[in-house]
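Here's the structure, in structure tokens; my notes come after.
The values are calculated or read from the model by the stated rules, or taken from the named source; none is laboratory data. These figures come from a predicted structure and were not determined experimentally. Note that each Cβ is placed from the backbone with ideal geometry, even for glycine, and that neighbours are counted across all protein chains shown. Side chains included, ligands, DNA and RNA excluded: accessible areas come from the protein's heavy atoms. Shrake-Rupley method; radii C 1.70, N 1.55, O 1.52, S 1.80 Å.
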Amino acid sequence: MIDVLNLTKEYNGRPVVDRISFHVPEGKTFVLLGTSGSGKTTTLKMLNGLIQPTSGKILINDKDISNVNQESLRKNIGYVIQSIGLFPHMTVKENISVVPKLLKWHPDAIKERVRFLLKLLNLETVDTESYPAQLSGGQQQRVGLARALAADPPIVLMDEPFGALDPITRTDIRNEFKKLEEIINKTIVLVTHDVTEAWELGDTICLMDDGKIMQKGSPKELTWKAENAFVSDFLRPHQWQLEIMTVAVKDVAPFSDKEISLDPDTSLFNAIHTLESEGKKTLSLHLHQAFLDYKTSFIKREL
Amino acid sequence: MKKGLFSFFSEQKAEIFEQTIEHLWLTLMALTIAIAISLPVGIMMTRRIKLAKPILGIVNVIQTIPSLALLGFMIPLLGIGTVPAITALFLYALLPIIRNTYTGIIETDPGIKEAARGMGMTDFQSLIQVELPLALPTIFAGIKTATVINVGVATLTALIGAGGLGVFIFRGIALNNVNMILAGAIPAALMALMFDFFLGLIQQQIKKRRKLIVIAALVILVLMLGTITWNKLDFSGNSFKAGFPSEFIHREDGYQGLKKLYHLDLDVMEMDIGLMYDAIHNKKVDLVSGFSTDGRIGAFDLVVLDDDKHYFPPYHAAPLVRKQLIDTYPEVMDALNKIAGQINNPQMAALNYMADDAQLSPGEIAVAFLESMDLKTKYHPDGNADLIIGSKNFTENFILAEMFKILIENYTTLNVDLKMGFGGTKLVFDALRNGDIDIYPEYTGTGLLVLLPEEDRDTIIMYDREAVYEYVRKEFRERYDIHWLSPLGFNNTHTMVMRREHAERLGINTISELADYLQKQ
Ligand SMILES: Nc1ncnc2c1ncn2[C@@H]1O[C@H](COP(=O)(O)OP(=O)(O)O)[C@@H](O)[C@H]1O
Ligand SMILES: [Mg+2]
């Protein structure tokens, strides 16, 4: 779906995105992860033509985007911007309707779509005639997401979509987001500096530093097979969490002497989380133990 | 203040209303043109940032020109009347609107601009749907500033014959009439406050119902302008225009009396004396009130209409001398009499013209004239004066005072100092009575109307040259111990002046013929 080849962007001769290449398959979520200033936003904005690359190529459905009309390119790519960027002079309804209107949809179809998205994003309680300033941060973020999804684009670019939220709201919205039917079939490029977020949402994670790709791969690959010191250093503070996020209940079941009555496909992280919240401390500890045994055997196997 | 402010207002309400409307019209007309030009320019600047600095620089410079100077610049370029007035107001309105349009758009949150482009809006769509609506309150603030500035500056456009409430203010200053000043100042201040208030209100509301308010504001503006303009077009059906200075319009012995005596119905434009001749020359007006010895009458090829009903009293110039001086130095009288009856109207007009346009000094002109009469003209410097000659503050009086000095110094042994430029008739006359000066050139008509009490005037024949002279001579001697010496010959009275070509084409030689002509119109 999206192919990026040797993409470079220089400002005043200094590359801020440095010869990066990647492929995003249809329907998958691709995460650009990195510290602030590593070139994530610049990369994302080159994908919808808001920034012109210094060199390199971007193909979408095998077509070089520099050859297509930039406005129609953008109308067909959903975009959630880092600062939310809702239009303060438009109502919630008008904000969400922007792209369908530009695409000259029928007013009834727009109305129907707005209603659908509000329901989907749990915004039914929000007055559609209210203005962004009247909404909470979480509501604004959802409206921003609704606006990006409004015209049902096959590709959605998201720049720190949950960035402006407090940690609790952020986890909530993220969890809802993951389950959205509307999202599951779309090709998504998501920018974040939050490792947990990347692991939760990404099919592929691309860790960037100083404009270069340090490693790209599945969450599992990055967790268990760091390719260089930068990656392992970067992930070290989160290592334990990332490991239990990338291991499923069924992986550790063989190392347990007790019957585990949990969904075998759920991640260990979620399983432990559920058990703790239900107050089942012993069972949780038991799972921990099983994980440690799994890990030891895993490392032995590697050796 | 003889009369109360309220009774003055109710007496003058028709004209106050008319000038208020005129004021409003000037302001709104200039504002509309300024908006029509500033908005596109301001928007264009946000798209061509390189042009922003020079354009803002230019409109900033325009803004710093003092309003009087700007109006002054307009005269050689556009003459006088509404066109230069609106142009000046328009120039003042540019800066606030252009600057606020530009900054309003430029300062739109970059995140919001990025969102607009990211949604796939073209530059034009982003401008119309996002940037302009968001900049609207700022743009409106600029329009408000421009409006309030324009209401203020429009009080000055009366000076270039464009009317408006300034008419009352300047007339009031000229006549030293506080009520009249207030009749202009109060409505102008109220108008500024009202605009400030209502536009401020709109500015607050515009964030919510922007489309409705913008459309409503535009409709109101166009309706107001349209209505006033329509009415003005009706007014100007009478195309013959007169331009008079405010003092002349309002004095009983000026236009008011003239109108009654001749049944003259003129469309009068009020204007500064200094502008009248340019105005008639450039066909902005067709009739002005002048003085018969004004040099510009000949220079601009104008004609004086005959005052066939003898409305204007004679204004024969003659030296006015303290009796004491004549008692002490009787030879002064003989010296001054050398030019008695020697200067006729065309000659005096020519001398005045030399000062006004040939830029010679009054002293040089006096010497040249006396030489042409084969009189001695040795010019003594000031110092050790035996007597002092005064003058009023205008060219002709300066020239005459210089002549008196030269004559006395060449035909007596006395030394003379000059004390020129007294600000008004009363001032120079009081100086003479107090002995601060000994001689000054005065006019019989002024002596009659300004310096003597009103009671006895009707009993004498006001329009007979000899009678007036004899009357003031007698009265001044008895009342003030002051002598009128023999008149110099010319009669510098008020006159009605037309372009020669125009008067000949219409076959008008006298004021009565003019009145007839206007009646038929
Ligand atoms: N318009 C620009 N001019 C110069 N430098 C820029 C510009 N935009 C971004 N940069 C620089 O490029 C680098 C990457 O920026 P960005 O892509 O926004 O990083 P990230 O989104 O990963 O935090 C930063 O060092 C930033 O300062
Ligand atoms: Mg960024």
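Relative to one another, the C-alpha centroids of segment B:260-317 and segment A:235-303 are positioned 110 Å apart. Qualifying GluC sites (Glu not before Pro) in segment A:239-288, where qualification requires a DSSP coil assignment and no more than 13 other C-beta atoms within 10 Å, comprise A:E259, A:E278. In the structure shown, the pairs B:K338/B:K419; A:K119/A:K178; A:K75/A:K119; A:K75/A:K212 are assessed against 18 Å; a Cα-Cα span above that value is assigned to B:K338/B:K419; A:K75/A:K119; A:K75/A:K212.
Taking all Cα pairs closer than 8 Å and separated by 6 or more residues, the relative contact order of segment B:2-232 comes to 26 percent. With helices as the sole contributors, chain A gives -12500 deg cm²/dmol at 222 nm; each DSSP H run of n ≥ 4 counts as -39500 (n - 2.57), and the sum is divided by every residue. Taken residue by residue and averaged, Cβ atoms of other chains lying within 10 Å of the Cβ of B:410-420 number 0.
Can you tell me, using C-alpha contacts under 8 Å and at least 6 residues apart, the relative contact order of segment B:1-114 as a whole percent? Across segment B:1-114, relative contact order equals 39 percent. Note on surface exposure: B:Y315, A:Y131 rank A:Y131, B:Y315 by accessible area, highest first, 1.4 Å probe. Can you grab the distance from the C-alpha centre of segment B:325-353 to the C-alpha centre of segment B:103-124, Å, no decimals? Centre-to-centre distance over Cα atoms comes out at 81 Å. Sorted largest first, the spans of the alpha carbon positions of chain A along the three principal axes are 62, 50, 30 Å. Rolling a 1.4 Å probe over the protein chains gives B:W25 an accessible area of about 20 Å². Farthest towards the positive end of the charge dipole of segment B:2-232, among the residues B:G152, B:T20, B:G57, is the Cα of B:G57, using unit charges on the Cβ of Lys, Arg, Asp and Glu. Give B:K113/B:K211; B:K392/B:K474; A:K57/A:K104; B:K283/B:K520; A:K258/A:K295 a once-over and call out the pairs whose C-alpha atoms are over 25 Å from each other. Long pairs (Cα-Cα over 25 Å): A:K57/A:K104.
Quick check on chain B: helices-only [θ] at 222 nm, where DSSP H runs of length 4 and up contribute -39,500 (n - 2.57) each and the sum goes over total residues. Nearest 500, please. Rounded to the nearest 500, it is -19000 deg cm²/dmol. On the beta carbon distance between B:N384 and B:R433, with R0 = 25 Å, the FRET formula returns roughly 0.55. From Cα pairs below 8 angstrom and at least 6 apart in sequence, can you work out the relative contact order of chain B, rounded to a whole percent? RCO, chain B: 16 percent.
Axis of helix A:167-179 versus longest Cα principal axis of chain A: the two differ by about 80°, to the nearest ten degrees. For the segment A:76-85, counting C-beta atoms of other chains within 10 Å of every residue's C-beta and taking the mean gives 4.
The listed peptides A:139-145, B:57-63, ordered by packing as a protection proxy, come out as A:139-145, B:57-63 (highest mean of other Cβ atoms within 10 Å first). Each of B:N384, B:N434, B:N492 was placed along the dipole of segment B:317-492 (beta-carbon charges, centred on the mean Cα), and the one lying farthest toward the positive end is B:N384. When A:T128, B:T147 are compared by accessible surface with a 1.4 Å probe, the order from highest to lowest is A:T128, B:T147. Counting only aspartates and glutamates at least 8 places from A:K111 when in the same chain, those with an alpha carbon closer than 17 Å to its own are A:E94, A:E124, A:D127, A:E129, A:D152. The dipole here belongs to segment B:322-440: it is taken about the Cα centre, uses +1 on the Cβ of Lys and Arg and -1 on the Cβ of Asp and Glu, and is about 280 debye. Charge dipole (Cα centre; +1 on Lys/Arg Cβ, -1 on Asp/Glu Cβ; no other charges) of the protein assembly as shown amounts to roughly 3220 debye. Annotation for segment B:410-456 versus segment A:83-113: alpha-carbon center distance of 85 Å. Looking at segment B:321-371, which trypsin sites (Lys or Arg not before Pro) are in a loop (DSSP not H, G, I, E or B) and have at most 11 other Cβ atoms within 10 Å? Passing sites in segment B:321-371 do not exist.
With a 10 Å cut-off around each Cβ of B:110-117, the average count of Cβ atoms from other chains is 6. Within the listed set A:L44, A:L118, A:L292, the residue fluctuating most in the Gaussian network model of chain A (springs between alpha-carbon atoms under 10 angstrom) is A:L292. Judged by the ratio a/c of the largest to the smallest principal axis of the C-alpha gyration tensor, chain B counts as prolate, that ratio being 1.5 or greater while a/b is larger than b/c. To the nearest 10, the accessible area of B:V222 is 90 Å² with a 1.4 Å probe.
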